[in-house]
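None of the figures in this text is laboratory data; all of them are computed from the coordinates on show. Note that the structure is predicted; figures quoted are calculated from it, not measured. Positions of Cβ are generated from backbone atoms using ideal geometry, with glycine treated the same way; all protein chains shown enter the neighbour counts.
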Amino acid sequence: MNMHATALAHPNIAFIKFWGLADEARRIPANNSLSMNIGCLATKTSVTFDPALKADVLTLNDELVSGDGLARVQRFMDRIRHMAEKDLYAHITSTNNFPIGAGLASSAAGFAALTLAGTVALGLSLSEKALSALARFGSGSACRSIPGGFVEWVVDPLTGETYAQSIAPADHWELVDCIAILNQDHKPVGSEMGMRSAASSPLQAARVADAKRRFSRCRTAILSRDFAALSQITELDSNLMHAVMMTSNPPLYYWRPGSLAIMQAVKAWQAEGLPVTFTLDAGPNVHLITTRASVDEVLHRLRQFPEVIDIRSGIPAGPARLLEQDSPSRTVQV
Ligand code: DP6
C-alpha cells in the first residue's frame, strides 16, 4: 500500500524572538516567543514511505540533499518512525517559493510541512498541539508554523510541556510583512549553530530575564491591534537578539549596511506618522511590518534602496495544512 501525504506550511516572522535553549536535549526554549505566519511564502512537502528504501532520500527544490541537511531530516524522521512504531524509510520532496537560508525561515516552514506530511503518511493522527510539540525537534520556530495566524510558543510552567498555539486567527489584524531581501546566499552561520553560543553573550541573561514582560506587552498589542505598542516592542526585541548575537563568542553579525540603512529610514518614516516597524531574523533581510492601508507607500519607499534585490509581501496566513493523503486509516491518537 502507498503511504503518502503532502502538506503545505508558511514560514513565520517573530515579533518576540526565540534565541537560545534552556534545555537542549528536550528543546525547551529559553523564552516564550510570538509570531505571525507569512502568506506569500510557502513550503510544500511530500512524503512517500517505500519498503524498498534503506534510508530516507531528500530532494529540496529539485536538488538531492546529502550531508548535514539530510542527517538533520533523517534524525527528525526517526522520531516519527519511533512514534508510529514503523521501520520504513521515505522519499521526501520539498519545494519552497523563496530562497533557502537567507533569513526567510525556510526551516520553520519546511519542518512544519514535514511534521504534518510525515505523521499522516505513517498513519498517525496527532492533535495540533502534539504536531507543534513534535515540529520543534526539527526546528524550534517550526512549531509556530503549525497553528494559524498569530501564534505563541509557550512553555507550560506546571507541566513543562512546550508547544505553539494560535492567539488570534489570520484575519484578526490586517498587517502586511514586506520583506526586503538584501542577499539570497545561504547564511554562513545557521540559527542552530548561532544559538548554541547565545549564552556566551553577557547580554543573553538580561534579554531572557526581560522576555516575559516583552512577551506580555506584545501579546496585548496584537490582541488590541495597537500598532504603536507592537512597533515599540518588536524593534526592541529584534535589537536585543542582534545585540546578543554580536556579543556572543564568536560574534555573529547578520546585519548588512543596507539592513541598517532601512532600519534608520523606518525611524524617520515613523516620525512622519507612517505605521511601519522592523524586525530581522538570523540574516540581513529586513521584515517591515505595516498595515494594509500603508503597504503601497512602504513598498514604494523600499524600492529606492539600491541594496534591496527583491521584495516579498504577505498578509497573515493560516495553519499548516494537508494537501493530499493516501495512507492507512489513521489509528494512533496522541
Ligand atoms: C532568529 O527555529 O531556525 O528566526 O531550532 O536551530 O532550527 P533551530 O532554530 P530556528 O531559530 C529561529 C531564530 C530566529 C528567531 C525566531 O524565529 O524566533
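Here are the numbers for this structure:
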quantity: Ellipticity estimate at 222 nm from DSSP helix runs (n ≥ 4, -39,500 (n - 2.57)) divided over the chain, nearest 500; calculated: -10500 deg cm²/dmol
quantity: Kyte-Doolittle mean at least -0.5 and Cα axial length at least 27 Å: DSSP H helices in the chain; calculated: 227-246
quantity: Segment 172-314, dipole about Cα centre (Lys/Arg Cβ +1, Asp/Glu Cβ -1), debye to the nearest 20; calculated: 400
quantity: Amide H partners (placed H, <5 Å) of VAL286, local residues excluded; calculated: ALA180, LEU182
quantity: Computed over segment 10-128, Kirkwood Rh from alpha-carbon pairs, angstrom; calculated: 15.4
quantity: Residue order, fewest to most surrounding Cβ atoms within 10 angstrom, among LEU70, LEU240; calculated: LEU70, LEU240
quantity: Cα point-scatterer Debye curve for segment 81-220, base-10 log of I(q)/I(0) at q = 0.10 Å⁻¹; calculated: -0.43
quantity: Cα-only Debye scattering, segment 140-219: base-10 log of I(q)/I(0) at q = 0.11, 0.18, 0.24 Å⁻¹; calculated: -0.45, -1.17, -1.28
quantity: Globularity index of segment 172-314, i.e. its alpha-carbon radius of gyration over 2.2 N^0.38 Å; calculated: 1.07
quantity: Per-residue HN-Hα couplings for segment 155-170 [Karplus 6.51, -1.76, 1.60; θ = phi - 60°; Hz; x = Gly/Pro]; calculated: 10, 5, x, 7, 8, x, 5, 9, 6, 10, 8, 6, 9, 7, x, 4
quantity: Beta bridges by DSSP in the chain, antiparallel share as percent, to the nearest 5; calculated: 90
quantity: For the chain, convex hull of alpha carbons as volume per residue, Å³; calculated: 128
quantity: Dipole of segment 4-170, positive end: most advanced residue of GLY149, THR162, GLY110 [Cβ charges, Cα centre]; calculated: GLY149
quantity: Packing-based ranking, highest mean first, of 36-47, 110-121, 160-171 given that Cβ atoms within 10 Å are counted; calculated: 110-121, 36-47, 160-171
quantity: Amide hydrogen neighbours beyond the local backbone of THR247, cut-off 5 Å, H modeled; calculated: LEU252
quantity: Fluctuation leader among LEU158, LEU323, LEU274 - the chain, Gaussian network, Cα springs under 10 angstrom; calculated: LEU158
